[in-house]
Each structure stands twice: as structure tokens, then as C-alpha cells.
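**Student:** Quick one: the structure is below, and I'll ask about it shortly.
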Amino acid sequence: MHERELPHIHEPQELRRLSYGALNRLAVEIRETIVATVSKNGGHLASNLGVVELTIALHRVFDSPQDKIVWDVGHQCYTHKLLTGRYDVFPTLRQSGGLAGFPKHAESPHDAFDTGHASTSISAALGLLVGERLKGGTGRVVVVIGDGALTGGLAYEALSHAGQLGLPLIVILNDNKMSISPNVGGLSKYLSRLSMKARYQSFRRKFDAMAQRLPFIGDVFFDLVVRLKRAVKAVFYTDNFFVDLGFEYVGPIEGHQIQGLERVLQDVRKLDRPVVVHVITRKGKGYCFAEQDPGTYHGVSSFSVSTGLGSGGAARTPQGNTFFTEVFGRALLDAGSRDERVTAITAAMEKGTGLSPFKAAFPQRFFDVGIAEEHAVTFAAGLAAQGLRPVVAIYSTFIQRAVDQIIHDTALQHLPVIFALDRAGFVSDDGETHQGLFDISLFRPVPNLTILAPASAGELVLMLDWSLADPAGRVSGPGGVGPIIIRYPKALCPLELPACAAPLEQGRGVFVRQQDAPCCLAFTGSLYPQVLDAADRLAAQGLGADLYNLRFLKPLDEDYLGAIMNRYKMMIFIEEGSRAGGIGEYAAELALRRHCTAQVLILGVPDTFVSQGKREELLHLNGLDGEGIAARVLGFRCS
Ligand SMILES: Cc1ncc(C[n+]2csc(CCOP(=O)(O)OP(=O)(O)O)c2C)c(N)n1
């Protein structure tokens, strides 16, 4: 026995040599390690603290990696990483080149499947299980899915298929009544109702014990007892959705008692049918601040362990700058006050998208639909079809889920749904699954759609107001109406740029600097600070550069842009997004088609997934900071 057990666990099988007393002490060590590391590096705190005992029990009962554990979203995998040989590198969590905050098969064979977006686990696990059986293997496959992730439609498609196949898939439903904020929707109510079953079972045990103690008084009494039990059962517990789909259902069980969890897991391991094990856990368990306010401590940046207070935040915001998200939140609140048709929709990301002020002011016009991006879009389309002005606030990476809903349910019908795409661009720390680099390429080909990219706080407000103005005031698509995407990153933005205060003109950008230089840097708004820096560096090298804020990434006024491209020797298109299919490629094609005289250079993100790092690091690595842009422009001049 060691004073600290965690550093000596290199393989999960080693957990089996520990007594329950030692395991409980290990759980404390794990929580201390997670809190200490996340307090420095940031990360998903509350979700991880909630599954410590569950993860220990899983690794004692199942033989990872032969048995496979699939973590939904994957944001709760820290204990799993600590118990599968990654304790030593845990201090590098979420840092550039370090341990990922989500499961990564490339990192360890114990990470059976990569996750990051919600609700994929049951589908992936079912595929793993079918694959295992087709190959003749006997390995088990276990899913851990939260009640929040279970609000996503993909989970139901998978449950339905799994019920049909009847293979022994083990689904652990980690029910803590929370998504990031308190969980929403009918399903959440249903799970609470299922929890009533525990009370029914305890009642039944007491009732049976009492009935057995009564002296024998014949069949009549027995019938009465049976009928009474049925009636009580009907009150406490009527049906079970999972059983109806073809699953066994076990639970709800207490999720912080290793021995009890283990006993149930040993039993379900032997089943030859699919099973849902409903486990009740407490999000943030063991760290008082996170237990009291699991929403705030869901995902955090660095903080003080003793006070729970963040070390970043408003105090460090340089004067004259603010975050795009806050600007959007305030602008939407103003718009909501002016126009009662304005409605706000989030898919479980109320705080992250800046919608809390709107929700507080207009609760009737605010909708959290759960982790259900596809539904959010089509629901908004329905609102728009009723003449309302829905604004769907969503992260760029999560809108990937709803490409067809944008095409089929909004653009095709010219419906004026506004998409406020936050985290559009490089996203700090979360890695490949959370980068917002594909939205321009995904949506640029969609007819009737407008894509806008603000460079400053004032311009974001301008764009939102323009988008919400009555469609007659702007033209987008044949009916004069259509969806609009406004994309901006998680970054500070300049409050006001005089040039960007000019009214929007369909398809046209604005010059932020114009002095008839030989070179023009045309950029997507979020890169304004980097482009400005690049222009200064170029000037120092004797190359003057004008700065053109594109504003519209779609549609483009081709005559206007074509004329600009004839005025310069070099046109450099710089975008915070995938180069493939981006705005630069479109402009280059336009230049070719129109025989424009400028030489065109495109700077964007190469055709690769971008891994974790701070936004500034990622801009640098991809040649999109001031230094990188200037170097490539100078190289282009010489070529
Ligand atoms: C498709 C998608 N939308 C949104 C998110 C952001 N997100 C990360 S975790 C989370 C809540 C998950 O809740 P739950 O599954 O209950 O897990 P808990 O954190 O409560 O343990 C959300 C909304 C995501 N990862 N994927």
C-alpha cells in the first residue's frame, strides 16, 4: 500500500488489488488531481468530478481495452485518462502538444472512440459491438452518456437500432439533471419520473416484508395484496421507454458508491441483451463551489482552488475591447426590446452564446431546445414562417450538425432565420472537435443565404440590426428574404472602427485603410487585428498595403470586387476558416473569370484538422498572425 495510490496505477487492472477503503481514498486523490490541474489549465470540471466512482467501478468490472468504453461528448474522461496510464502527462492537459481534453484513440488504445460533439456514443458503440461480433470477438462495449447528451436526436436513432439488433450493448445513463445549465425538456422530466421507481421499490420491499409477517388468511387477502401492489406501482411507475425499445432497464442506482455500482455492473456484464443502467450522480461532487454551481463550473478557465474564483475574466479585458459574444448578447437584448417578434434559440448553450440577458428579459421568447441543433434550426424556420424573427445563437462547430436543416428548411424557403455563429474561427484548448473553421466552406454554396463577418463591436451590432430589419430593406435571394449567418470568433474585438460604422451595402465590404498602395489585404472581420499588424510589418519593409474588410462573404457584389481586383498589383485574401471552399478560392475564380489584373494570394487554414492550443498559438501556427501574413505577402511579392 502506498501513501498516494494514483501515481502507481498504470493500467486499470491494477485497481482490482485495492480494497474498497483504498478505492474511496483513490477517489479523493483523483478529485484533488483533477481540481489542481483544471485550476491551472482550465477544462471541464464539474462533469469530471461527477463520474469518479463510476469510472473506477467500470474499470474494475470491464477489461479495457478489450472491452471498450465510449464516452459521450468525452468531456468527462479525465478519471478514465488518469487510470489508463496518463497520470504522468496529466499536467499537460489541454495544452499545445499535451494531453487532449477529450478521448483520442491516437493517444491511447483505452480511448475506444474519439468524441467531442454530443450524442454520438450509442451509434459509435453499436458499430463497435457489431464489428466485434462480426470478427468473432467477445469483447463488451459500454457507453457512458449524460442526460444532457440524451436530448440529442442521434441518440434515439441509435437506441432504436440497438433495440432492434438485441446485442448486449451496455448503456450507462449518467443522470445528474444537468446539461451545461439545468437539463431541459420532456425527457428530463421523464427521467425524474423513472427515479420514482426507486421509491416504489423501497415501498414494495417494506410492504412484502410486512405481508409475510401477517398470519395466513387465505386467497382473498392475497388477491387484495396483488391488486394493491399494482395500484401502488401505477402511481409510482407506469412505463419504461427503454424497455419498450427492447432494452433491459436497471436503476436508478446511486452513482457514488463503488461497491454498489460494481455489483450492478457485474450483473449487467453477464446479460445477453442491450441494457440501460440508470445511474444518479452529482455534478461537481467533492469540490464545494462546483457542487453548488455546476453550471458555472462545467467548463472553466484557470481559477483559485481555495476561492473558486477565476483568474481571467473582465478584470483582464484591455480597455476599449470587449468580447464579440457580449456585444451580441447586448445587441440582441436591444433588438428584443424594440421588436417583440425577435426570438432567441439556443441548443443548450445559453451562457456560452451570450443569451442570458435576453432570457432574463424575455423568457417567453427564449427557447433552450436541449442539445438538439438540427431541431433548433428547423424550429426557428417554423417561427420565421409565422412572421417572427428568430435568432439561433450557436457555435460554428455545432452548426455542422444542421447543414441540411439550413439548406432544406431555411434557405430553400427563403426564411429569414438569423444564425449568430459564435466560436467561428480558431477555438482555444478544446482541439479538433471544437474548431470553427468549416462554416464558410459549408455554407458558401447555399443559395439565398447571406454570410457576414464583423470586424468590430459596432459592426456586429450594425449587422444584427441590418439582418433584423424588415426584409424589404435588403435583398437576399429571389423573395428578398433568406437566412443570414453572422460569424465571429471567441475573441476580443475593437469597440468601434470608424470605417466599419458605414451602413451595409449588399455584397460589398469597406476599406479600413486606403492609400492607393500596390497591395490590398482583403480579410474576414475577425482577423482585423492580425491584418493591421501585418500591414505595419509590410510598411516597415517598404510595401504599402490597403486594408479591405470584406463584411459580406456571401453574396459578393462581383462588379464591385472585380473593379477592386483591377486596381491592385496584389490581392491577398485572408480568412479565418478553411482555405478549401473559402472566400479566397471564390475570389480567385472571380479574378480568373473576369480577367482581373491583380495577382491573387489566398491565406487560410490548410486542408487539415487543427489540434488544441490557444487561439494566438493557432493563428501563428497557421500563418495567420501579423508575422505570418506579412512573411507570406513578402514571399509572394518576390515570387
Ligand atoms: C453537438 C454538441 N452540442 C453542444 C455541445 C456542448 N456541450 C458540451 S457538454 C454539454 C452538456 C452535456 O450534458 P450531459 O451529457 O448531461 O453531461 P454532464 O456534463 O452533465 O455530465 C454540452 C451542451 C457539444 N459538446 N456537442
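**Student:** Let me have the relative contact order for the range 314-504, percent, based on Cα pairs under 8 Å that are six or more residues apart.
**Tutor:** 24 percent.
**Student:** How high is the relative contact order of the range 508-639, given as a whole-number percent (alpha carbon pairs under 8 Å, six or more residues apart)?
**Tutor:** 28
**Student:** Can you tell me what share of the DSSP beta bridges in the range 314-504 is antiparallel? A percent to the nearest 5 is fine.
**Tutor:** 15
**Student:** Right, here's the next one. Semi-axes of the range 508-639's equivalent ellipsoid from the Cα gyration tensor, sqrt of 5 times each eigenvalue, largest first, rounded to whole Å?
**Tutor:** Over the Cα atoms of the range 508-639, the semi-axes work out to 22, 18, 13 Å.
**Student:** OK, next. Within a Cβ distance under 14 Å of Ser639, other residues only, what is the Lys/Arg minus Asp/Glu net charge?
**Tutor:** +3
**Student:** Just the number, please: Stokes-Einstein D of the range 64-179 in µm²/s, Kirkwood Rh from C-alpha pairs, 10 °C, 1.306 mPa s.
**Tutor:** Estimated via Stokes-Einstein, D reaches 109 µm²/s.
**Student:** To continue, here is another question. Take the alpha-carbon centre of the range 617-637, take the same for the range 339-394, and report the distance between them in whole Å.
**Tutor:** Here the two parts' Cα centres lie 38 Å apart.
**Student:** Using only C-alpha positions, report the orientation-averaged shadow area of the convex hull of the chain, nm², one decimal.
**Tutor:** Average of the hull's projected areas for the chain equals 34.2 nm².
**Student:** Between helix 373-385 and the chain, what is the angle of the helix's C-alpha long axis to the longest principal axis, kept within 0 to 90° and rounded to the nearest 10?
**Tutor:** Once rounded, one gets 60 degrees.
**Student:** Can I ask one more? Test of understanding: what is the full-extension gain from Asp334 to Thr92, defined as 0.36 nm times their sequence separation minus their Cα-Cα distance?
**Tutor:** That works out to 82.9 nm of additional length.
**Student:** Can you tell me which of 76-86, 322-332 comes out highest on packing, and rank the rest after it, using the mean Cβ neighbours within 10 Å?
**Tutor:** 76-86, 322-332
**Student:** Give me the number: length gained by fully extending Asn321 to Lys569, i.e. 0.36 nm times residue separation minus the C-alpha to C-alpha distance, one decimal in nm.
**Tutor:** 85.9 nm
**Student:** Quick one: of the DSSP bridges fully inside the range 339-401, what percent are antiparallel, nearest 5?
**Tutor:** Here the antiparallel bridges make up roughly 0 percent for the range 339-401.
**Student:** Where does helix 186-213 land angle-wise versus the long Cα axis of the chain, in degrees 0 to 90, nearest 10?
**Tutor:** The answer is roughly 10 degrees.
**Student:** If contacts are Cα pairs under 8 angstrom and at least 6 residues apart, what is the relative contact order of the chain in percent?
**Tutor:** 11
**Student:** Give, as a single signed number, the net charge of other residues whose beta carbon lies under 15 Å from the beta carbon of Arg269, with Lys and Arg counted +1 and Asp and Glu -1.
**Tutor:** Here the count lands on 0.
**Student:** Next question. Can you give the convex hull volume of the alpha carbon atoms of the range 457-571 per residue, in Å³?
**Tutor:** 102
**Student:** Something else now. Tell me what the chain gives for mean residue ellipticity at 222 nm when only DSSP H runs of n ≥ 4 count, each as -39,500 (n - 2.57), the sum divided by the residue total, rounded to 500 deg cm²/dmol.
**Tutor:** Computed mean residue ellipticity for the chain: -11500 deg cm²/dmol.
**Student:** Calculate how steeply helix 457-468 sits against the longest principal axis of the alpha-carbon atoms of the chain, using the helix alpha-carbon long axis, and give the answer as 0 to 90 degrees to the nearest 10.
**Tutor:** Approximately 80 degrees, to the nearest ten.
**Student:** By how many nm would the segment from Lys614 to Thr597 grow when fully extended, if each residue of separation counts as 0.36 nm and the alpha-carbon distance is taken off?
**Tutor:** The span from Lys614 to Thr597 would gain 2.3 nm if fully extended.
**Student:** Please compute the net charge surrounding Leu49, taking Lys and Arg as +1 and Asp and Glu as -1 over other residues with Cβ under 9 Å from its Cβ.
**Tutor:** Counting the neighbours of Leu49, the net charge comes to +3.
**Student:** Another one. If I model a spin label as a point 7 Å beyond the Cα along the Cα-Cβ vector, how far apart are those points for Gln515 and Val403 in nm?
**Tutor:** About 4.3 nm, to one decimal.
**Student:** Ordered by packing density, taken as the mean number of other Cβ atoms within 10 Å over each peptide's residues, highest first, how do 614-625, 49-60 rank?
**Tutor:** Packing proxy ranking, top to bottom: 49-60, 614-625.
**Student:** I would also like to ask the following. May I ask what percent, to the nearest 5, of DSSP beta bridges between residues of the range 508-639 are antiparallel?
**Tutor:** Just about 15 percent of them are antiparallel.
**Student:** Arranged from highest to lowest average of other beta-carbon atoms within 10 Å per residue, in what order do the peptides 10-22, 169-181, 513-525, 591-603 appear?
**Tutor:** With the highest mean Cβ count within 10 Å placed first, the list reads 169-181, 513-525, 591-603, 10-22.
**Student:** Here's something else I'd like to know. What are the residues whose amide H is under 5 Å from the amide H of Ile253, where those residues sit 5 or more places off or on another chain and H is modelled from the backbone?
**Tutor:** His278, Val279, Ile280
Every number here is computed from the coordinates shown, using simple stated rules; none is lab data. A quick note: this is a predicted structure, and the numbers were derived from the prediction, not measured. Every residue, glycine among them, receives a Cβ derived from its backbone with ideal geometry; neighbour counts consider all protein chains shown.
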